[in-house]
Amino acid sequence: MVQKSTSVCLLGGFLGLFLMAPVLMSSTPASMCTPLKTLNDSLSHRRRYMKHNFPINYSIRVYREEIFKLSNISRMRLKVEELDDLVLQRLWFQVNQGVLKKIIRVMSERHPSRSYTAELERRFKDVEGVFVQSHPAEVFQQELPEAVQETWDHLTEEPNRVPESNWRLASPKSLVDNLCHTMYCLFSECFDAETQQDYCGVSHSRRGRKNSSRNTVTTPAE
């Protein structure tokens, strides 16, 4: 009788683990989906505020690593075996907090896109706050893979110590496009049904580069 009871308990435990597997394997906590979608709502207006309100061919200086595209994610995954999505998500936050600050910094107080960009930054910080709260503190103390750590170090370098060769020029629109596309890739659990595209897929990255060269980028949140 005791053996039978023990077997039932073990079976129940295995079933419980099986049912929980999708939750345990998910790289995006469910609590993040609401603030991410709120951020996405703001990003849907980026063409108007990040392109139409700037002079043609306007660009700003950013670190080379702040031009963070889908292709960067693909390269890192190829370079680092079994790279954890959580590591890439941490890097995504580090990259884009610097990007948004640099965009705001070039705007005057009366710039027509300043309030929009400030709201974008606030919503981005809301997502980051939920991200931090959703993981144990130990997660953020773990060593990063060497390739990721190198990028991280460059992102946190003081501007006056950054070699001239490490600076790039990029338009505000392209930087915010990158923020949006990489968000769809790294937090896909929250957006699969909306985007209906595999933003982490190689084919999408190639299509994005082809469209970019034609200057006709089309995304779900233009």
Pop a pseudo-label 7 angstrom from the Cα along the beta-carbon direction at both K37 and L83 and give the gap in nm to one decimal. 2.9
Quick one: 3J(HN,Hα) in Hz for the range 122-136, Karplus 6.51/-1.76/1.60 with θ = phi - 60°, rounded, Gly and Pro as x. 4, 5, 4, 5, 4, 4, 5, x, 5, 4, 5, 5, 7, 10, x
So for the range 104-197, using the alpha carbon gyration tensor with a ≥ b ≥ c as root eigenvalues (a/c under 1.5 gives rounded; past that, a/b versus b/c decides prolate or oblate), I'd call it oblate
Projected onto their principal axes, the Cα atoms of the range 29-214 stretch, largest extent first, over whole-Å spans of 43, 41, 35
Which distance in Å, rounded to a whole number, links the C-alpha centroids of the range 138-199 and the range 55-119? 6
Given K79/K102; K79/K125; K51/K102, the pairs whose alpha carbons are separated by over 18 Å: K79/K102; K79/K125
Work out from phi, with θ = phi - 60° and the Karplus expression 6.51 cos²θ - 1.76 cosθ + 1.60, the ³J(HN,Hα) of each residue of the range 63-69, listed in order in whole Hz, and give x for Gly and Pro. 5, 3, 6, 7, 8, 9, 10
Spelling out what I want: for every residue of the range 45-56, take phi, set θ = phi - 60°, compute 6.51 cos²θ - 1.76 cosθ + 1.60 (Karplus), and round to whole Hz; glycine and proline get x. 9, 5, 4, 5, 8, 9, 10, 5, 8, 10, x, 4
Linear extension gain, Q141 paired with E119, 0.36 nm per residue minus alpha-carbon span: 5.0 nm
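Counting Lys and Arg as +1 and Asp and Glu as -1, each charge on the Cβ, what is the dipole of the range 29-214 about the Cα centre in debye, to the nearest 20? Numbers along the way, then the final one.
Numbers: 28 positive and 25 negative charges, 283 e Å.
It works out to roughly 1360 debye.
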Charge context of P163, other residues only, Cβ under 14 angstrom, K/R +1, D/E -1: -1
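Laboratory data are not the source of any read-out in this text; all were calculated from the coordinates shown. Keep in mind the model is a prediction, meaning the values are calculated, not measured. So basically every Cβ, Gly included, is an ideal-geometry build from the backbone, and we count neighbours across all protein chains shown.
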